[in-house]
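Notes for the one structure printed next.
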Amino acid sequence: MTAIETDGGGEQELPRKKFSGKKIVMFVVVPLLLIALIAGGLIFSGLLDGLLGKKKAEEAEEKPAAAEEAFDPKAPPVFFPLGELLINLQTNERRPAFLKLKIQLEIYKEEDRPKLTLATPRIVDTFQTYLRELRLDDLRGSAGIYRLREELLQRVNAAAAPVRVRDVLFEEILVQSQ
């Protein structure tokens with residue numbers, strides 16, 4: 001405490017100011033929370049990626065993949081027959097419904113054929129697991145078939161990695177509900 005002199009010659013002590021809990025919260029905790037919220041928002045929105053160098057690293061990773069998938073339009077297409085799949089579809093009725101597919105995969109390079117042959121059991125398993133969850137309504141119309149093709153392409157590329165499959169081609173699609 002600080003002492004001051006009074007007119008009477010005695011010293012009187014001034015009370016020392018204390019920070020109240022409200023002031024600490026207002027001037028310390030609230031600004032820290034605001035800074036944390038703003039920083040978190042910038043990080044999760046991706047605005048800081050350019051400053052942190054993440055975009056450059058991602059672009060560097062994408063370039064080799066794009067170079068690998070370079071497709072020569074003059075080269076003849078390379079097809080890999082996957083065979084025929086017969087799947088029991090999900091129904092809410094007692095009557096069973098079946099999907100019969102005959103599929104060929106278009107690959108980028110002939111050199112990938114042996115690797116794809118080794119991955120065939122994994123690919124078929126992935127397809128079977130996905131297709132068994134489909135319903136008849138999922139396969140209606142050209143939009144349903146297009147979605148099916150896109151889903152199968154995504155799954156085959158995951159199952160056959162590092163081999164890249166260019167397209168999934170349907171030789172035969174037969175949906176039978178009794």
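The values are calculated or read from the model by the stated rules, or taken from the named source; none is laboratory data. Note that the structure is a prediction, hence the values are computed from the model and not measured. Cβ placement follows ideal geometry from the backbone for every residue including glycine, while neighbour counts extend to all protein chains displayed. Accessible surface areas use protein heavy atoms only, side chains included; no ligands, DNA or RNA. Shrake-Rupley method; radii C 1.70, N 1.55, O 1.52, S 1.80 Å.
Computed with a 1.4 Å probe over protein heavy atoms only, the accessible surface of region 105-176 comes to 59 Å² per residue.
For the peptides 105-118, 25-38, the ranking by mean Cβ contacts within 10 Å, running from highest to lowest, is 105-118, 25-38. A simple spin-label model places pseudo-atoms 7 Å from Cα toward Cβ; at Glu171 and Met26 they are separated by 7.9 nm.
Extension gain, Thr120-Val78: 0.36 nm per intervening residue step, less the Cα-Cα distance, totals 13.5 nm.
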